[in-house]
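First the structure, in the form of structure tokens, and then the observations on it.
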Amino acid sequence: MGTLTGLSCCANLQHLKVCLNADSTKLGPDDWAGLAGLTALTQLCLLNVELRDAIPEACTALSKLTRLQIAA
């Protein structure tokens, strides 16, 4: 998918809300790697995103958050 990989240039981003369309509800390894690269990110809101697969990139991206909101 790779839709979030371009966010890596936003190094100081602290809060992010991600909403996927109904036909694409999974973030791929590149997306998670992009999120993990946002070193200042503390709050993440995921709308219409499935979190069934605990891939290493997802674990790395989520481990540093102080707040996670999921609405699927």
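Normalise the Debye intensity by I(0) for the chain, one equal point scatterer per Cα, no solvent, then take log10 at q = 0.12, 0.14, 0.19, 0.21 Å⁻¹ and round to two decimals. Scattering profile of the chain, log10 relative to I(0): -0.26, -0.36, -0.69, -0.86. Calculated accessible area for the chain comes out at 59 Å² per residue, all protein chains present (probe 1.4 Å; ligands, DNA, RNA ignored). If I compute solvent accessible area with a 1.4 Å probe over the protein chains, what percent of it on the chain is carbon and sulfur? Whole-percent figure for carbon plus sulfur exposure: 52.
One chain, two ends: residue 65 and residue 14. Fully extended at 0.36 nm per residue, the span grows by 17.4 nm beyond their Cα-Cα distance.
Remark: the chain carries a charge dipole of roughly 280 debye about the Cα centre, counting +1 on each Lys and Arg Cβ and -1 on each Asp and Glu Cβ.
The values are calculated or read from the model by the stated rules, or taken from the named source; none is laboratory data. All values reported here derive from a predicted model rather than from experimental measurement. So basically every Cβ, Gly included, is an ideal-geometry build from the backbone, and we count neighbours across all protein chains shown. Ligands, DNA and RNA are excluded from the accessible area calculation, which covers all protein heavy atoms including side chains. Shrake-Rupley method; radii C 1.70, N 1.55, O 1.52, S 1.80 Å.
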